[in-house]
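Here the structure is laid out as structure tokens; the discussion comes afterwards.
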Amino acid sequence: MDLSRLVAVAVLLGALRPLRSHCAGDVKGPPPVQPVPGAGAHLLAAQRVVTRYSGGNLTWWTDRLDPLVRELEAAGYRDGESLFAVPYDFRYSVAPRGHPSAAGACNFDDFTRLVERASSLSQGRPVVVVAHSFGCALTYQFLLGRPLAWRRRFVKRVILVASALGGFSEGMNDLAAGTDYGLPNVARPSRVRLARSQQSALWRLPTPTVFGDRPLVVTRNTTYTAHNIAEFFEAVGFPEGVRPYVTRVLPAWEALPAPMVPVTSIIGVGVSTPETFVYGEDGFVGTPEVVYGDGDGDINMVSLVAIEKEWSGVEGQVLKVVRLPGVRHDGFFNVGFALKKVVAEILEAGGTVELHPKIGRVQIDAGPVWKEDRCRVHEDVWFE
């Protein structure tokens, strides 16, 4: 196996509550975590990270990514040689041009340097960037913020796992009812404050470009869609969210231009996913009835396939789509056949499809032969 072509891993980190500075328009809080060299020439982004010191080196571990990292290491990847990590504090998000975003800008600058370093260690070859969930949105915005010549020079392929570049319906309900991030016995007021304290929460909202007029939240008097989210903020008692949403979020997602580097999109399908939240007589203090649709359990199908719809007709944009039936949003790295497929796509993108025996049998491209230089879209429905 040619290890010189392998990956770097970029990891999103989240933890405490950030503080908003109204005068600056930015989000302030504890210093963001810096990228850490370690783990190739692919870059992976994920969430829920814990840290530990090992042998004097700072090593990043996540409950979601551990199985993937183990499989990549079993396949021959080596920390600091063919695998690198970029942790990211998921409380923060970047802002469109003209708006301050100190944490986001700092992270993207470090991301840029690490990609260049990974390429240098790979004898100048371009790297493969792997992202999951919110990491997909950050990676996409990162690419758009780099010159096209830089992208083509340093990025061989981007692998987006469970991307939500159009937001998702449950992001609306999180701002109305709050979220506990898995913490026990959190009272509703605390859940609401927690959900609204993070700038990144606004990035989870369905975008008008992708969701259009689909009903997202329904009350006795009003139906809220992606087009009247500002009114929704007022209705749930979150008026302070209107300005950052209108000035910092909408401009960043008013369109989905193709990044013009090869992309593989791996998505889960066929899982019941919240689509519309219907509130009754008690209004937003009550518990909504949930209408379900297709998706991966968290991300709605319309958002999962948004890039396929937007990019498949763009001349020069290479796009491969892999659909994994029954795989939930958080199951790509702990469901056996899904993990195998993700690893197979990473190895193929890195220039080899050889797998270590410990990974087991992996089927690659269960469909027509896909040629990167001739096809824009290859759709692969893959079963164990």
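Just a few scattered comments:
- The 1.4 Å probe gives accessible areas that order Thr264, Thr287, largest first, as Thr287, Thr264.
- Square roots of 5 times each gyration tensor eigenvalue, C-alpha, region 129-177, largest first, Å: 28, 11, 6
- Virtual spin-label span in nm between Thr222 and Asp282, 7 Å along Cα→Cβ: 2.1
- Estimated inter-spin distance, Asn334 and Val291, nm [label 7 Å along Cα→Cβ]: 3.2
- Three-way shape call for region 206-280 based on the alpha-carbon gyration tensor, with the a/c threshold at 1.5: oblate
- Residues whose placed amide H lies under 5 Å from that of Asn300, excluding near-sequence neighbours: Ser169
- 3J(HN,Hα) along region 319-333: 9, 10, 10, 10, 9, 10, x, x, 8, 7, 4, 9, x, 5, 10 Hz, from the Karplus curve 6.51 cos²θ - 1.76 cosθ + 1.60 with θ = phi - 60°, whole Hz, x for Gly and Pro.
- Each principal axis of the Cα cloud of region 109-247 was taken in turn, and the coordinate range along them, longest first, works out to 61, 36, 25 Å.
- Note on region 206-339: Cα Rg divided by 2.2 N^0.38 Å, N the number of residues, gives 1.21.
- Three semi-axes of the equivalent ellipsoid, region 107-148, Cα gyration tensor, whole Å, largest first: 19, 11, 9
- Added length on full extension, which subtracts the Cα-Cα distance from 0.36 nm per residue, Thr112 to Ala74: 10.9 nm
- Carbon plus sulfur fraction of accessible area for region 134-285, probe 1.4 Å, in percent: 52
- Here the gap between Ala105 and Glu231, fully extended at 0.36 nm per residue and compared with their Cα-Cα distance, gives a gain of 42.4 nm.
- Residues of region 279-307 with amide N under 20 Å of the 7 Å Cα→Cβ point at Asn185: none
The values are calculated or read from the model by the stated rules, or taken from the named source; none is laboratory data. Since the model is a prediction, treat every value here as computed from it, not as a measurement. Here Cβ is always computed from backbone atoms with ideal geometry, including for glycine, and neighbour counts include all displayed protein chains. Just the protein is used for accessible areas: all its heavy atoms, side chains included, with ligands, DNA and RNA removed. Shrake-Rupley method; radii C 1.70, N 1.55, O 1.52, S 1.80 Å.
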